[in-house]
1. Kindly indicate whether any position in the stretch 144-152 is touching a helix residue (DSSP H, G or I) at 6+ places or on another chain (Cβ under 9 Å) and either of a type in the set (Val, Ile, Thr) or within 11 Å of ligand 1 (Cβ to nearest atom) (or both).
2. The conditions are (1) closer than 29 Å to Arg249 by Cα; (2) over 14 Å from the mean Cα position of the chain (by Cα); (3) away from ligand 1 (no atom under 16 Å from the Cβ), and Phe157 fails exactly one of them. Which is it?
3. In the stretch 42-82, which residue that is more than 23 Å from Lys167 (Cα to Cα) and within 16 Å of ligand 1 (Cβ to nearest atom) is surrounded by the fewest Cβ atoms within 10 Å (Cβ to Cβ)?
4. How many residues does the stretch 83-102 hold that are among the hydrophobic types (A, V, I, L, M, F, W, C) and surrounded by fewer than 18 Cβ atoms within 10 Å (Cβ to Cβ)?
5. Mind listing whichever residues of the stretch 104-137 are crowded, with 21+ Cβ neighbours inside 10 Å and either among the hydroxyl-bearing types (Ser, Thr, Tyr) or away from ligand 1 (no atom under 14 Å from the Cβ) (or both)?
6. Having 3 or more residues that are closer than 25 Å to Leu144 by Cα and open to solvent by 50 Å² or more (accessible area, probe 1.4 Å) is the bar; report the helices (runs of 4 or more DSSP H) wholly within the stretch 168-272 that clear it.
7. So Gly132 passes all but one of these: (1) touching a Leu at 6+ places or on another chain (Cβ under 8 Å); (2) on the phi > 0 side of the Ramachandran plot. Which condition number does it fail?
8. Hey, any hits in the stretch 26-41 for a residue that's within 16 Å of ligand 1 (Cβ to nearest atom), under 18 Å from the mean Cα position of the chain (by Cα) and open to solvent by 30 Å² or more (accessible area, probe 1.4 Å)?
Amino acid sequence: MERLAQAKVNLGLSLLGRRPDGYHELHTLFAALSFGDRLLLEPIPEGIEFRGPYGQKNLAYRAARAYLEAAGWPGGVRIVLEKALPEGAGLGGGSSDAAQVLLALKELYPAAVDFPALALSLGADVPFFLLGGVAEARGVGERLRPLLLSPLWAVVFAQGPRLPTPKVYGEARPHDYGPELPVEAILRALGRGEEPPYWNSLEGPAFRLHPELRRVKEELRSLGLRGVLMSGSGSAFFGLAEDEAHARRAAEALRPKGYVRYGTLGGGHALH
Ligand SMILES: C[C@](O)(CO)[C@H](O)COP(=O)(O)OP(=O)(O)OC[C@H]1O[C@@H](n2ccc(N)nc2=O)[C@H](O)[C@@H]1O
Ligand SMILES: Nc1ncnc2c1ncn2[C@@H]1O[C@H](COP(=O)(O)OP(=O)(O)OP(=O)(O)O)[C@@H](O)[C@H]1O
């Protein structure tokens with residue numbers, strides 16, 4: 001069984017405040033992209049055989065153990081993870097891998113487990129990847145509302161510093177908090193090819209940690225990309241292109257400088 005663990009970007013992310021448990025109340029729009037990591041899974045009589053980075057610390061391995069334990073070890077699984085996404089980039093790589101393992105094991109070994117809770121226990125981004133597509137999220141990222149968005153061409157670029165998510169959130173201060181995202185206005189602007197009225201509250205902390213990231217954002221804007229924003233806790237940025245040719249040109253210009261991929265979000269097919 002082969003699965004694509006799609007990347008995600010946040011079409012806007014507002015930190016509404018800090019919760020008693022130390023996590024932050026979020027308002028964000030998740031959008032899955034048409035490219036990501038590749039997972040190969042097959043049933044084995046018992047146990048978990050895993051081939052990929054970090055061994056038993058890998059989120060994909062941890063997702064397999066969490067599901068099989070909750071399901072009472074109905075059987076085992078062999079997992080091969082082929083990473084294609086940069087790590088700690090804000091593209092949800094590990095979370096997406098974990099979600100695909102949960103979905104595959106549910107198919108292989110159906111069981112009455114609390115799927116959303118299992119997903120959330122693995123990470124705040126994991127519940128979204130059980131859905132995919134585009135969704136509005138609240139809470140820490142687990143209260144989801146699917147949204148319809150016609151396919152858009154997006155370019156994703158990551159260069160330089162790995163930004164551990166806890167470090168970026170740890171750097172967030174009350175002056176970084178914002179109001180709710182204007183979801184309808186954002187969706188309208190995206191549909192009309194206009195500059196979307198969104199922001200990412202985590203850019204403030206990320207730029208304080210790595211001021212050089214401001215230049216990356218300017219560079220993507222100089223290529224004519226719209227809605228240029230850091231994704232999640234960074235340090236990957238994304239921008240929206242007019243069409244495939246524009247996306248390809250922008251990607252070619254960025255290629256010598258770091259990790260760059262382009263594809264579609266809001267639907268469409270796996271490309272590049
Ligand atoms: C930045 C985003 O990727 C946006 O989609 C997510 O909010 C982060 O999702 P994630 O990487 O799955 O995050 P987790 O692994 O669950 O949490 C890592 C750390 O980020 C911080 N964290 C995460 C989510 C959230 N709503 N508030 C937080 O403060 C917490 O310090 C937590 O210990
Ligand atoms: N399958 C995995 N893929 C990538 N990183 C993993 C995986 N499993 C565990 N990790 C660890 O988790 C960290 C964060 O991984 P991930 O790629 O999800 O970060 P991210 O892309 O920033 O995700 P997010 O957008 O949720 O912050 C990595 O730096 C790595 O140490």
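The values are calculated or read from the model by the stated rules, or taken from the named source; none is laboratory data. The model shown is predicted, which means the values in this text are computed figures rather than measured ones. For neighbour counting, all protein chains shown are included, and Cβ atoms are generated from backbone atoms with ideal geometry for every residue, glycine included. Heads up: the accessible areas ignore ligands, DNA and RNA and are worked out on the full protein's heavy atoms, side chains in. Shrake-Rupley method; radii C 1.70, N 1.55, O 1.52, S 1.80 Å.
1. There is no residue in the stretch 144-152 that is touching a helix residue (DSSP H, G or I) at 6+ places or on another chain (Cβ under 9 Å) and either of a type in the set (Val, Ile, Thr) or within 11 Å of ligand 1 (Cβ to nearest atom) (or both).
2. All conditions pass for Phe157, except number (2).
3. If we take residues in the stretch 42-82 being more than 23 Å from Lys167 (Cα to Cα) and within 16 Å of ligand 1 (Cβ to nearest atom), then Ala66 is surrounded by the fewest Cβ atoms within 10 Å (Cβ to Cβ).
4. Narrowing the stretch 83-102 to residues among the hydrophobic types (A, V, I, L, M, F, W, C): 84-85, 89, 91, 98-99, 101-102.
Among the residues that remain, those that are also surrounded by fewer than 18 Cβ atoms within 10 Å (Cβ to Cβ) are: 84.
Residues in the stretch 83-102 being among the hydrophobic types (A, V, I, L, M, F, W, C) and surrounded by fewer than 18 Cβ atoms within 10 Å (Cβ to Cβ): 1 in total.
5. Ala104, Leu105
6. On the way: elements: 183-192, 203-209, 213-222, 244-254.
So the answer is 183-192.
7. Answer for Gly132: the failing condition is (1).
8. In the first step, residues of the stretch 26-41 are kept if they are within 16 Å of ligand 1 (Cβ to nearest atom); the result is 26-33, 36-37.
Of the ones still in play, those that are also under 18 Å from the mean Cα position of the chain (by Cα) are 26-33, 36-37.
With the extra rule that they be open to solvent by 30 Å² or more (accessible area, probe 1.4 Å), the set shrinks to none.
No, every residue in the stretch 26-41 fails to be within 16 Å of ligand 1 (Cβ to nearest atom), under 18 Å from the mean Cα position of the chain (by Cα) and open to solvent by 30 Å² or more (accessible area, probe 1.4 Å).
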